[in-house]
Amino acid sequence: MLCTILNKKVIDVALRHGMNEYNIPKWKAFMELKKNFEGKMGKSIYSILPGVIENTFEF
């Protein structure tokens with residue numbers, strides 16, 4: 001569920017700027033970086049950013 005913010009951003013950029021042959025590899029790299037950081041931190045990157053969860057997700 002918390003991957004949603006990055007997914008929304010990727011889709012927004014694609015809609016505004018269009019697609020090219022570099023988009024998919026770049027998105028995969030973003031997801032891998034996020035996964036690596038979260039693995040080292042032991043929690044979601046969004047959990048340490050002030051207000052992100054409260055202002056993005058409906059509970």
Quiz item: Do the conditions hold for I45, that is, is it surrounded by 13 or more Cβ atoms within 10 Å (Cβ to Cβ) and in contact with an Asp or Glu (Cβ under 7 Å, 6 or more places away or on another chain)?
Solution: yes
Quiz item: Counting only residues that are part of a helix (DSSP H, G or I) and out of contact with any helix residue (DSSP H, G or I) (no Cβ under 6 Å at 6 or more places or on another chain), how many does the range 15-33 have?
Solution: 13
Practice problem: Using the structure shown, decide if E38 is acidic (D, E) and at pLDDT below 90. | Solution: no
Quiz item: When residues of the range 34-44 are filtered for being closer than 16 Å to L6 by Cα and either touching a residue at least 40 places away in the same chain (Cβ under 8 Å) or assigned to a loop (DSSP other than H, G, I, E, B) (or both), how many remain?
Solution: 2
Quiz item: If you go through the range 1-14 one residue at a time, how many are part of a loop (DSSP other than H, G, I, E, B) and surrounded by 12 or more Cβ atoms within 10 Å (Cβ to Cβ)?
Solution: 2
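The values are calculated or read from the model by the stated rules, or taken from the named source; none is laboratory data. Bear in mind the structure is a predicted one, so any value in this text is a computation, not a measurement. In this analysis, Cβ positions are derived from the backbone assuming ideal geometry, glycine residues included, and neighbour counts consider all displayed protein chains.
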